[in-house]
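A.B. asks: Below is the structure I would like to discuss, written out as structure tokens.
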Amino acid sequence: RGQYIVYSTPKLDKCDETTTNSRWVDIPKTVPIRPIQPIPTERTKGIFVYSTLYNQIVVGPTAKDQSSRTNNTLDPEVAKELAAYASRIFDRTMGSSQSASDIDFDCNIIGEYVGIRPGTTKRDYQIHLHYPAKFITVGGIRSTGLTASLGIGRHVVQTLLSPLIPK
């Protein structure tokens, strides 16, 4: 499962009147131009920090194993870890729904969410033709599947057509 925090860039109109104008002058518009990625390990590619098309800052995903295929509830400890990671990257206290932060970023949390990873016990994609039942299974596609989607689609079509095309 992967958990994320999404921050907006600091804007005065997003906060309440308790925020003083002088605090906003000192905040740079810190939005990464390129994704910030740690060195990958055997288990995970690490936590990314990147900006969206709308200048939002995204921190995540985490890579936590779980047995449930449906539990997508926020983990408070993971939220704190993501906020701490973002704090190290931006050199200021970034918050989450579970941890306090500078008021500047606390009022700029857009959301937190969890995605369930479609993992299997195998490391590679699982693409299987079930010819008698006339269907194909495509599973175990992780984040690399976005980049590989055209190749996966081509392979699926070739697999579906293979029994129909004489050799």
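A.B. asks: Within the bounds of the stretch 90-108, is there any residue that is at pLDDT 85 or above and surrounded by 14 or more Cβ atoms within 10 Å (Cβ to Cβ)?
C.D. replies: To start, the set of residues in the stretch 90-108 that are at pLDDT 85 or above comprises none.
Among the residues of the stretch 90-108, not one is at pLDDT 85 or above and surrounded by 14 or more Cβ atoms within 10 Å (Cβ to Cβ), which makes the answer no.
A.B. asks: Could I ask something else about it? Within the stretch 109-126, track down each residue that is open to solvent by 40 Å² or more (accessible area, probe 1.4 Å) and closer than 19 Å to R154 by Cβ.
C.D. replies: Taking the stretch 109-126 and keeping what is open to solvent by 40 Å² or more (accessible area, probe 1.4 Å), we get 109-110, 113, 116-118, 120-125.
Once the filter is applied, which keeps residues that are open to solvent by 40 Å² or more (accessible area, probe 1.4 Å) and closer than 19 Å to R154 by Cβ, the stretch 109-126 yields D124, Y125.
A.B. asks: Next up: Considering only the stretch 41-89, state which residues are surrounded by 17 or more Cβ atoms within 10 Å (Cβ to Cβ) and polar (S, T, N, Q).
C.D. replies: Passing the criteria: S51, T62, S87.
A.B. asks: Before we move on, is G151 surrounded by 13 or more Cβ atoms within 10 Å (Cβ to Cβ) and not hydrophobic (A, V, I, L, M, F, W, C)? Give the derivation first.
C.D. replies: Numbers: surrounded by 13 or more Cβ atoms within 10 Å (Cβ to Cβ): no; not hydrophobic (A, V, I, L, M, F, W, C): yes.
The answer is no for G151.
A.B. asks: Something else about it: Could you look through the stretch 130-144, keep only residues that are under 25 Å from T44 (Cβ atoms) and out of contact with any strand residue (DSSP E or B) (no Cβ under 9 Å at 6 or more places or on another chain), and pick out the one that is surrounded by the most Cβ atoms within 10 Å (Cβ to Cβ)?
C.D. replies: R142
A.B. asks: Would you be able to tell me the number of residues in the stretch 131-162 that are over 22 Å from the mean Cα position of the chain (by Cα), under 27 Å from T62 (Cα atoms) and among the hydrophobic types (A, V, I, L, M, F, W, C)?
C.D. replies: So the count comes out to 0.
The values are calculated or read from the model by the stated rules, or taken from the named source; none is laboratory data. Being a predicted model, the structure only gives us computed values, none of them experimental. When we count neighbours, we look across all protein chains shown, and the Cβ atoms used for this are built from the backbone with ideal geometry, even at glycine. Just the protein is used for accessible areas: all its heavy atoms, side chains included, with ligands, DNA and RNA removed. Shrake-Rupley method; radii C 1.70, N 1.55, O 1.52, S 1.80 Å.
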